Structure formats: structure tokens, C-alpha cells
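First the structure, in the form of C-alpha cells, and then the observations on it.
The values are calculated or read from the model by the stated rules, or taken from the named source; none is laboratory data. Since we're looking at a predicted model, the values are computed, not measured. Here the Cβ is made from the backbone with ideal geometry for all residues, glycine too, and neighbour counts use every protein chain on show. Side chains included, ligands, DNA and RNA excluded: accessible areas come from the protein's heavy atoms. Shrake-Rupley method; radii C 1.70, N 1.55, O 1.52, S 1.80 Å.
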Amino acid sequence: MEQYEIGKTGMRVSNLSFGASSLGGVFHNIREADGIKAVHTAVENGMNFIDVSPYYGHYKAETVLGKALKEIPRDKYYLSTKVGRYGKDGVNVWDYSPERAVESVYESMERLHIDSIDLINVHDVEFADMHQVVNETLPALVELREKGIVRHVGITDLQLENLKWVVDSVPEGTVESVLSFCHYCLNDDRLADFLDYFESKHVGVINASPLSMGLLSKRGVPAWHPAPKDLVEACRKAVAHCESKGYPIEKLAIQFSVSNPRIATTLFSSANPDNVLKNIAFAEEPIDWDLVKEVQEIIGDQRRVSWANS
């Protein structure tokens, strides 16, 4: 698989990588054994970057991933997790205090059965007081970086402007990477507008959700999806068009999202080993750029239409 460096971290990662949210049953219930096999399949076939969060499945994703990682040599993967978003008994919890952030890092390492974290992120900064993120959360993580507990520090958010604001508001080198989702896919490529900026700050870029949280899938958009109706309908027409061409939109979506070498990696999530293999195969095949143009014309004025995070 193609590999690119995340900013200036020294971490060269596969251009398609494993998002572990599915291991928490975020999208639908899973068989734990299948989830563990999906992780093994990903690493065995060249994916060397794994991203998770204590929020996914309210600690379940980290717990299942930890079981999978026990059987994989530590030098075969880079691991990214997060602080700030949690939950228990189906109730979401946000806590960006420095004390909770540090505590969360150690809890994650215990669940994941590792002794250091390659990349620790402040999760979805838009839900925080971003001044607290700048003045308290990130400095606490930087201190852990200086101690060698974590190797690199990043931030995540749906809103690209928030990522830029945080990077602008901290000393250079504090934030080494940003993770953006649903902004470099067939229906929304607005992340491209920010690449010059992030590169100028030596900040690596991680993309996530090439299927736009299910908008770009034959299965159809889940009922909880926050996208506006006009965008959902436009994407439904695009799915049908690809189907008529015998070219699954999932394949085109994966290929498009990994096509930009300025984006270090794109995360997708599946607890199905067969889907992991299928997506790796998609990423390694040449893309049909004429079909990309057709799909984007169908999506039309709904391109770059986003929604509020939830």
C-alpha cells in the first residue's frame, strides 16, 4: 500500500487505515470475534495505522481492539486514540479538563494493553470550551509527550475552522496532526482548501469517513444521519448511478479519498474482515475519474453541504 508521513511526526502510514469505531458497535451490533479478525486482517494486509477512542461504544471499541492487539507485534502498527469524549450506560459525557485527559490516557493504555500511545488527540474540540483545549487540555498532553507516555499530539473535529483556530492559538509544534471527517469524500472535498494552511504549520492531515457516514453506500443512509434531506437524496441518486454502471459507489468513494498524497491517510471502519480486504483492493485499483465527475455533477449544488456534529 502507498505510505505517507503524517506531518513531521516520522510516522509513515498506509494511505488507507483502520478506524476502530465499528468495534464498539457504533453502526450496528458486531460479533467480537469478527471484529478482532478484522483488525488482524487489516494489519496483515499492510494497514499500519489504527485509530480509536474511548467514546466509541463507550469504551467497548478500545476493549475489543485491545484484545486484538495482544496478538500483533507492537512494531507492526501505529496507534491513535483520544481524550475528551466518553460515556457510560448509553449516556454521552464530555470532559476536557487536564486531569481527566491525563487519567484517560492511562486508562486507554490499560484497555489497549500497550505502554505508550503513538498519537493522542483531543476529540471533537467543538464540544469543548476551545480556550480550555488551548490552555489546559493540550498542555497536559504535551507534558505526557515530553515524558514519552505519548509520542505525538493532535486534535479532531468536524468543523475545519475549529481545527485551524486551535492550531493558530497554540505554540508551533503543539499540534502535530489534525483529523477531519466527511470533508474529503465524493460529496464534500472542502478539506482541500485547508491543506496549504496545515502544511505551512507542519501539521499532518488525517481524513476519515470516505463513505460520509453512510451517505455514499448501497446500504443507504442510517436513520440517525444528520445530513439534510436534499443532500441525502442527491447521494441516493449518485449511488444509483454508480450501480447502473456496475461500479459500486463504495469503491469509487474509497478510491477518491485516498487519491490525494497531501492527505497522509484515510480511515474507514468495519468489523467485517471481508470488507477490510475488499476496501484494500479498492484502494489499490486505478480510479475512474470520468465517473467521479459524473457523480459530483449528480450531487450538484449539494456538494460541500455539511451538518452540525452530534
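Points worth noting:
- Against the rule of thumb 2.2 N^0.38 Å, how large the Cα Rg of region 237-280 comes out: 1.29
- Probe 1.4 Å - accessible area at TRP94, Å² to nearest ten: 100
- For region 1-117: rounded, prolate or oblate by the Cα gyration tensor [a/c cutoff 1.5]: oblate
- The simple Förster model, with R0 at 45 Å and r as the Cβ-Cβ distance, assigns LYS147 and SER244 a FRET efficiency of 0.20.
- √(5λ) per eigenvalue of the Cα gyration tensor, region 271-310, largest first, Å: 26, 20, 6
- With bins 20 Å wide beginning at 0, the percent of Cα pairs of the chain falling in each bin runs 35, 60, 5.
- Carbon/sulfur fraction of accessible area - region 99-258, other protein chains in place, 1.4 Å, %: 50
- Rounded to 5, the percent of DSSP beta bridges in the chain classed as antiparallel: 20
- Region 149-207: C-alpha pair distances exceeding 13 Å, %: 57
- Separation of region 234-303 and region 44-111, taken as the distance between their Cα centroids, equals 28 angstrom.
- Of the residues TYR197, ASN187, ILE114, the one whose Cα sits farthest toward the positive end of the charge dipole of region 100-243, with +1 on the Cβ of Lys and Arg and -1 on the Cβ of Asp and Glu, is ASN187.
- Relative contact order, whole percent, for the chain stands at 21, derived from Cα pairs under 8 Å and 6 or more residues apart.
- When the trypsin sites (Lys or Arg not before Pro) in region 10-71 are filtered for DSSP coil states and for at most 14 other beta-carbon atoms within 10 Å of their beta-carbon, the remaining sites are ARG31, LYS70.
- Near ASP188, the amide H atoms lying under 5 Å from its own belong to ARG304; only residues 5 or more places off or on other chains count, and H is placed 1.01 Å from N.
- Phi to ³J(HN,Hα) by Karplus 6.51 cos²θ - 1.76 cosθ + 1.60 over region 82-87, Hz, x for Gly, Pro: 9, 9, x, 10, 9, x
- Listed residue pairs exceeding 25 Å between alpha carbons, taken from LYS70/LYS218; LYS37/LYS237; LYS76/LYS278; LYS37/LYS60: LYS70/LYS218; LYS37/LYS237
- Furthest towards positive pole of dipole, MET213, TYR96, ALA33, structure part the chain, Cβ charges: ALA33
- Ordered from highest to lowest accessible area with the whole protein assembly present and a 1.4 Å probe, ASP129, ASP34 read as ASP129, ASP34.
- Amide proton proximity set for PHE49, modelled H, under 5 Å, gap of 5+: SER14, PHE18, TYR78
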